[in-house]
Amino acid sequence: MLHSAKKKNPVFLRALYLACVLVTVAGCRRHTVSASSDAATGPTEIDVQDTAIQTGVKRFGINLGGQNFYDSGQMMKNLIFINPGFEGETWQSILRCAGATETSCTDGNQWAQWPRDFLKDATFEVLSGSAQGTTGAVTSSDPANHDLQDQGVTIHFAEPAKKIDVDSFILVRKTMSGKPDAGWWPQLFGGASLGAETKDLSPETQGHQALILSAQEPGQGASLSSNFDSTDGHSFVQLHGTYRLAFRAKGLGGSREIKVRLQRQSGASPAAFLDKTITLTSAWHDYNLDFSAAEDGHALGTVALTFNVSGASVLLDDVSLQSTSSAKDNPTVFRDEVVDALRTLQPGILRYQDGDHIGSSIENWIAPPFARQRAGWSEGASEMTSIPMGLPEFLQLCVVVHAEPWINLPAGISPDEMRQLMEYLAGPSSTPFGKKRGARGQAEPWTNVFPIIHIELGNEEWNSATFAGAAMNDPVVYGRRAALIFGAARSSQYFAVQKFDLVLGSFAMSPDLTRAELAASSGYDSVTIAPYLFNKFTDDRSDEAIFGPMFAQPEMWDSAASGIVAQHAAFARAASKPAQLSVYEINLSTTAGTVPQASVDRVVPSEGAGIALLDHMLLMLRDQGVKHQMVWSLPQFRNGFQNTDTHANETTPLFGAVVDMGGGTNLRRPQFLAEQMVNAAMLSTMLKTEIHGSNPMWDQDLSTNDDISLKDAHLLQTFAFSDGNERSLVVLNLSRQDALPVLFSGDGPRGDVTVSRLDAKNIADTNETTENVRITTSALTGFNPRNAYTLPAHSLTVFRWKK
């Protein structure tokens, strides 16, 4: 809220401005005014200069995020994507030895959920300490003791060559067949059973395991279901057009009949899209069941695909359900609506981080979907139910949407696997991994397709609370491990310096962590952080109390030398091997506080939030040279909000940039629209801009919302770009109440100008159910830069013209 001390007499301000013009006193050219007095000071002059301050600018990117079966994360054409091939499981976790003996290591996470002997027969490798490099086999494992601190899972092994130090990190790996129904919902009656078949497989399958459903005896029955679009009161996938359900099956005994039903479970008697009983043959056969659907955007309720067997035993494998009327210009495995959203956004970089791949090997990551194993890693679960999104599929998506790929590696990747990855990405098709690439339809090296490929080791290795089982939460250990893995990449004969960006991950709220990692590591090119905004929301008394600090936070973090982002950038520049600072994730992260649900829903997906996010990203680019930035994320409808006051069960409309893609609305959140606007304006060179005359500011008092405070916060932020004779200018008016007049000089907009604006009546307008925030565009002919142009309050405006 603006202080009364900052309010000045408008007549005095006008006289002061005229005095500045006449005397040209430099100190008079910047003065502080209240929002209510902005117009009285006269127009602000925005001087666009022909001086480059950043070159090689790239459009802002986005994280692809995780796939799921219930909200906007339903991104794949195959709506039965979770475990479509009924495959087994691979497991890869990183433990930290809070205690160690000659024959055991006790992890420090007392809340681990693994049962006894979960890791029996796993292999292990010591990643740090005096026994680094020691390998062996796990003979048994004990569960965690939830009652004792630092008494997590204990693994036992034969005496290693070297005693393992306390605080050493250990990688454990295990592959497990069986559990073919993981990710499905089975129901068994009268003694029916299901199991895994690894020998009698279809000659056409690429997988290694099929499902047996045995319900041959009288009174027995077995059903297996896959559900999707299951969020109450919302739909994210409407079925319209033509579809095909495909599967492989074989009859083993009894009637050999299998009943197949697909329906949306809404209403008392829901109609089925598909309801057939098929008599299987005694040999493997491929079945294709075609149907049409005509949902109109209003259908609600879970869609269930069910296979039902009674009086028969059957084998089942390789299930897919997808549209046969997909767009011809979408060769990817992603739904048309997902591809359309990304094409609209025009991301410069697309980051792969879906959570399901963290425990995967390189071999499994590039395997065909029907042969891809579920890849577990978390100490909070003993089964992973979903296969990872594949690396080849991700890279093909990047091609189609013209984005550079950012690959987030499993933290447990080995040096040998890193060399395999280099061969897969950059080696000729005659090499072993080049052949694997070619077998998936990409003969040419991926490095010939993309100008650069970004490769980040691990995801939030500092974050052992969220990623227990996948974190090396010690900056020195992580830095050294990265040096080993990046060194393996650089040792590959297929590595080319100009084609890869090797990235260390760091913690935004700890610049010292970045400094420590860089000091301990080598072989990197970049270091990346996630400086999320507005994490804590406690003051909702007024729009000023909310959006004043929200709008001040980017400048506080990015432009001031003491700011969090500025400190990271300084440490990156000062490292013995300087690193480029980048941002792997960015958005609001309003997941805790004391405000009620209504305030969270009103503010987090608002127009004001979209403006704050893009201001943050543009300031990081302009003031700290952060060229690689990715919003988190494309999908996700709701997350949890921890109300520390009432402890109510609240949610927050994060982190998806869309409301849905192909569901009931196809609406985009303001964060998406703001990035879309800015990406359309981002040209290869960022130009210097200067403010002359009125430079309106406000003092942001200390807010309990994220402890934000900033003296002389600027109401106007300006960002100019050029490429050849193309020019663009992004201007943000951060005043919560007042329109601000501006005029232009230097290389500013003139002549035929296209103006786009993020348009909303109110700063807290959202698009959650109705399009209240939109992009409006107009073409202005004969635009005179010396005529005052009015920027609405809380606005993002883009000017485009030719020089």
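The values are calculated or read from the model by the stated rules, or taken from the named source; none is laboratory data. No experiment lies behind these values; they were computed from the predicted model shown. Please note: Cβ atoms are built from the backbone with ideal geometry, for glycine as well, and neighbour counts cover all protein chains shown. Protein only, heavy atoms only, side chains kept; ligands, DNA and RNA dropped before computing areas. Shrake-Rupley method; radii C 1.70, N 1.55, O 1.52, S 1.80 Å.
Numerical summary
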{"read-out": "Largest-first principal axis extents, alpha carbons of the range 114-210, Å", "value": "52, 37, 20"}
{"read-out": "Between helix 10-23 and the chain: long-axis angle, C-alpha atoms, 0 to 90°, nearest 10", "value": "80 degrees"}
{"read-out": "Sparse-neighbourhood loop sites, GluC sites (Glu not before Pro) in the range 364-420 - DSSP loop, at most 16 other Cβ within 10 angstrom", "value": "Glu383"}
{"read-out": "Helix axis angle, 336-345 relative to the chain longest principal axis, alpha carbon, degrees", "value": "20 degrees"}
{"read-out": "Measure of compaction for the range 459-594 (Cα Rg per 2.2 N^0.38 Å)", "value": "1.21"}
{"read-out": "With eigenvalues of the C-alpha gyration tensor scaled by 5 and rooted, the chain, Å", "value": "50, 32, 25"}
{"read-out": "Value of Rg/Rh across the range 366-456 [Cα atoms, Kirkwood radius]", "value": "0.98"}
{"read-out": "Pairs of alpha carbons in the range 455-508 whose separation is greater than 17 Å (percent)", "value": "39 percent"}
{"read-out": "Chain lengthening between Leu148 and Ser225 when straightened (0.36 nm per residue, less Cα-Cα)", "value": "23.7 nm"}
{"read-out": "Estimated 222 nm signal from helices in the chain, with DSSP H stretches of n ≥ 4 weighted -39500 (n - 2.57), rounded to 500", "value": "-5500 deg cm²/dmol"}
{"read-out": "Extension gain (nm, one decimal) between Gln498 and Ala52, 0.36 nm per residue minus Cα-Cα", "value": "158.3 nm"}
{"read-out": "Compactness of the range 490-559 - radius of gyration and Dmax, Cα, Å", "value": "18.5, 61"}
{"read-out": "Surface/4 estimate of mean projected area, convex hull on alpha-carbon atoms of the range 522-579, nm²", "value": "4.7 nm²"}
{"read-out": "With every protein chain in place, the chain: carbon and sulfur % of accessible area (1.4 Å)", "value": "50 percent"}
{"read-out": "Rg in Å to one decimal, and Dmax rounded to a whole Å, for the range 579-723 via C-alpha atoms", "value": "17.2, 53"}
{"read-out": "Extension gain, Ala739 back to Ser522 (0.36 nm per residue minus Cα-Cα distance, nm)", "value": "73.1 nm"}
{"read-out": "Fraction in percent of alpha-carbon pairs per bin - 5 Å, the range 192-330", "value": "2, 10, 18, 20, 18, 14, 11, 6, 2, 0, 0"}
{"read-out": "Peptides ranked, highest mean first, by Cβ atoms within 10 Å: ranges 604-614, 500-510", "value": "604-614, 500-510"}
{"read-out": "Förster radius 60 Å - calculated FRET efficiency between Ser193 and Thr704 (Cβ-Cβ, nearest 0.05)", "value": "0.55"}
{"read-out": "FRET E, pair Arg244, Thr651, Förster distance 41 Å, beta-carbon r, rounded to 0.05", "value": "0.70"}
{"read-out": "Helix 511-520 axis, angle to the chain major axis (alpha carbon atoms, nearest 10°)", "value": "60 degrees"}
{"read-out": "Hydrodynamic radius (Kirkwood) for the range 209-257, which is based on Cα pairs only, to one decimal in Å", "value": "14.6 Å"}
{"read-out": "The range 82-170 - accessible surface per residue (Å², probe 1.4 Å)", "value": "42 Å²"}
{"read-out": "In nm, spacing of pseudo-spin labels at Lys577 and Glu363 (7 Å Cα→C-beta vector)", "value": "3.0 nm"}
{"read-out": "Spin-label model distance (nm) - Ser292 vs Ser542, 7 Å beyond Cα toward Cβ", "value": "6.0 nm"}
{"read-out": "Rg/Rh ratio calculated on Cα atoms of the range 655-803 (Kirkwood radius)", "value": "0.99"}
{"read-out": "Mean Cβ count within 10 Å, highest first, over the residues of peptides 582-591, 738-747, 172-181", "value": "582-591, 738-747, 172-181"}
{"read-out": "Convex hull projection area averaged over all views, the range 757-803, Cα basis, nm²", "value": "4.2 nm²"}
{"read-out": "D (Stokes-Einstein, µm²/s), Kirkwood Cα radius, the range 517-652, 1.306 mPa s at 10 °C", "value": "99 µm²/s"}
{"read-out": "Across Lys174/Lys250; Lys120/Lys435; Lys120/Lys163; Lys499/Lys627; Lys436/Lys577; Lys58/Lys436, pairs whose alpha-carbon gap is larger than 24 Å", "value": "Lys174/Lys250; Lys120/Lys435; Lys436/Lys577; Lys58/Lys436"}
{"read-out": "Per residue accessible area in Å² of the range 276-354, where ligands, DNA and RNA are left out and the probe is 1.4 Å", "value": "38 Å²"}
{"read-out": "Equivalent ellipsoid semi-axes, the range 284-377, via Cα gyration tensor eigenvalues times 5, rooted, Å", "value": "28, 24, 14"}
